[in-house]
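Have a look at the structure below, then the notes.
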Amino acid sequence: PAACAARASGAMSTTSAPLRYRGSNWLRQRLCLSTVSGRPVVISDIRPKDEHPGLRDFEASFVRLLDKICDGAEVSIDETGTTLRYKPGQIMGGDGIVHTCPNSRCLTYFLEGLMLLAPLAKSPLSIRLRGVTNGGPDPSCDTFRTATLPLLAKFGISEQLVFKVLKRGAQPDGGGEVFFSCPTVKKIAPVEVLDEGRVKRVRGVAYTTRVSPQFAARMVDSARGVLNDFLPDVWIYSDHSKGAQCGVSPGYGLTLVTESLTGCFKSADACAEIHDETGEARTKKGADAGDSLMTPEDVGVAVAKRLLAEIDLDGVVDTAHQAIVLYFLSLAEEIRPSRVRLSKLSPAGAQMMRHIRDFFGVAFKIREDSGDAGTVVLSCLGAGISNSARRTF
């Protein structure tokens, strides 16, 4: 069987007994950690009692995306789609890859998975993704660019890291496109990130697609009305897309990111929701006369208050990025422990710790922070996973 490109010098092998899980939750985490560790995984009982049992379209698309960037991976799905067997292959990377994602989830659902795997690929990854750039339960592509990618710099991944929003696409019809390029690394160095520092500035992007550009100005004014009570350095860029620069669905939203004196980033975002006359979210294509958008003022105030709530929680990252930080800490070299200070653990962060223990055998030590009862300090000795397939010439 093909060996995984990134594994800890023979400690993990694709010949290991598969790990078994039940249910559809955290499917993306399990597949990514399986790919990096080389451990096969079997996931059963995927929505067996649902009206539409089995994998959703975005989950099946993510499996196809893994197959595009990996060589030798074996995927088996039963007839009902409720059982997935995945045997990982070698992470190859490559350029010129194009993947069309379903409009049920934002492109960041796929980008975050690629970000976990691409640094450990055989060659640098360059890929174009097409679909929804803003909308749904996932962070927006603006958040990914301004808050998620800067996290990689703390782990030594910053050069040749490129992300561009080529075309914006809102739900339900999507039509957006992004470009993502990520370099490879030999190994991850242990880090200590304990001081979040005081907030020194707030930056943001207010985007509009196929609606009046005045909507962006209204979102900016309402957000500044909340934030300027706390600090004066608030600058929000207005990005208006029309015609061929965006998809066919109208939409608008706001992303805000804070930067602290110690270089820590926290983010919050929201986009307008389209509802029908009954108050339920619209799922069908096309806009009816009874559809209405949440007002730009509502969007601006909601995002500003979410950002203030994230700042109030302390911790070096916001709750949406806890799982990503814990993942990279677990990959670090075994020369010294890594430590990070987080706020109350999110469900994704807690589950990532359980999966790291299952796939890598790395356990985190959790200690309540003596200086602030609302935060915890997590420390671990990394698995020492290195990129053995990376080209060095």
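Below is a table of values for the structure above.
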item: Two-decimal Rg/Rh across region 142-200, once Rg and the Kirkwood Rh are taken from alpha-carbon atoms; result: 1.09
item: Other-chain or far-sequence residues with amide H under 5 Å of Val193's (modelled H); result: Arg339, Val340, Arg341
item: The chain - percent of accessible surface contributed by carbon and sulfur, probe 1.4 Å; result: 49 percent
item: Label point distance in nm, Ser370-Phe230, each placed 7 Å from Cα along Cα→Cβ; result: 2.9 nm
item: Nitroxide proxy distance, nm - points 7 Å out along Cα→Cβ at Lys186 and Tyr237; result: 3.5 nm
item: Cα-Cα over 27 Å, subset of Lys68/Lys164; Lys164/Lys365; Lys266/Lys365; Lys49/Lys344; Lys164/Lys242; Lys87/Lys186; result: Lys164/Lys365; Lys49/Lys344
item: Theoretical gain in end-to-end length, Arg22 to Asp195 [0.36 nm per residue, Cα-Cα removed]; result: 58.5 nm
item: Largest-first principal axis extents of the Cα set of region 66-114 (Å); result: 31, 28, 16
item: Beta bridges per DSSP with both ends in the chain, % antiparallel, nearest 5; result: 70 percent
item: With Cα atoms, 0 to 90° folded angle of helix 296-312 axis to the chain main axis; result: 40 degrees
item: Between region 30-103 and region 161-181, the Cα center-to-center distance that results, in Å; result: 22 Å
item: Whole-Hz couplings from phi, Karplus 6.51/-1.76/1.60, listed for region 320-337; x for Gly and Pro; result: 6, 10, 4, 4, 5, 5, 4, 4, 5, 4, 6, 7, 5, 4, 8, 6, 7, x
item: Two-site FRET efficiency, Asp298 against Phe179, from Cβ-Cβ distance with R₀ of 41 Å, rounded to 0.05; result: 0.80
item: Label-point separation, Glu51 to Lys68 (7 Å along Cα→Cβ), nm; result: 3.1 nm
item: Probe 1.4 Å - accessible area at Ser24, Å² to nearest ten; result: 30 Å²
item: Segments 104-110, 148-154, 134-140 sorted - mean Cβ within 10 Å per residue, highest first; result: 104-110, 134-140, 148-154
item: Interatomic Cα distance distribution for the chain, bins of 10 angstrom, percent; result: 5, 22, 31, 27, 13, 2, 0
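The values are calculated or read from the model by the stated rules, or taken from the named source; none is laboratory data. These figures come from a predicted structure and were not determined experimentally. Note: ideal-geometry Cβ built from the backbone for every residue, glycine included; neighbour counts use all protein chains shown. Keep in mind that these areas ignore ligands, DNA and RNA; they rest on the heavy atoms of the full protein, side chains included. Shrake-Rupley method; radii C 1.70, N 1.55, O 1.52, S 1.80 Å.
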